[in-house]
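Nothing in this text is a laboratory measurement; each read-out follows from the coordinates by a stated rule. Fair warning: this is a prediction, and the values are worked out from it, not measured in the lab. Cβ: placed from backbone, ideal geometry, glycine included. Neighbour counts: every protein chain shown.
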């Protein structure tokens, strides 16, 4: 390799690295891929939050629903919670996955802020979260009536996310059930 070219090698490597980093900045972290899209919600048997009974996949499937991964230690979950309550008040089916949290803290949270969930799965160890591929809270999964994961949203569900993304999908899969 000519000596002159060796002088420019660090500059060329820097330019290539900068290009890769710049491309990375254009990616939307909320659009993280999920291996579960178009696959069944994972099997599980976990306690219902604050109850002695166990919940299983069969208990929470059969109708189109959102599965919201939340925790009391999650600041963004507190931001999204009032909007989830509004959706539940409109009849949107939402199940909670209380992720790596303490039952007492979670019950206090729901008593204080309201409980938009049809049921809450207490995922103390994060096993269901691991099976779902959860990166953190909040995350929301849209599951169709057959128990198939159709969409994953990473981050806060707010009015924009609901109207632009989740509501059209929720309606589509709900209409499919009604047309059968």
- Message: Order these by the 10 Å Cβ neighbour count, fewest first: 127, 174.
- Response: 127, 174
- Exposure proxy ranking, count of Cβ atoms within 10 Å, fewest first, for 56, 61: 56, 61
- Query: With r defined as the distance between the Cβ atoms of residue 35 and residue 58 and R0 fixed at 25 Å, what FRET efficiency is calculated, to the nearest 0.05?
  - Reply: 0.70
- Using the Kirkwood formula over every pair of different C-alpha atoms, what hydrodynamic radius in Å results for the range 77-133? 11.9 Å
- Hey, could you pull the Cα Rg and Dmax for the range 97-180, both in Å? 14.4, 42
- Message: Need one word for the range 31-83: rounded, prolate or oblate. Basis is the Cα gyration tensor (sqrt eigenvalues a ≥ b ≥ c); a/c below 1.5 gives rounded, then a/b vs b/c decides.
- Response: oblate
- Item | Shape category assigned to the range 104-145 from the gyration tensor of Cα positions, a/c cut at 1.5 | oblate
- Query: At residue 111 and residue 176, where each label point lies 7 Å from the Cα along Cα→Cβ, what is the point-to-point distance in nanometres?
  - Reply: 4.1 nm
- Would you mind classifying the range 30-178 by shape? Square roots of the alpha carbon gyration tensor eigenvalues, ordered a ≥ b ≥ c; an a/c under 1.5 is rounded, otherwise it is prolate if a/b is larger than b/c and oblate if not. rounded
- Kindly state, to the nearest 0.05, the FRET efficiency for residue 102 paired with residue 145, given R0 = 25 Å and r defined as their beta-carbon distance. 0.15
- Item | Highest-first arrangement of 108-114, 62-68, where packing means the average Cβ count within 10 Å | 62-68, 108-114
- Note on the structure: Fewest-first ordering of 180, 78 by Cβ atoms within 10 Å yields 180, 78
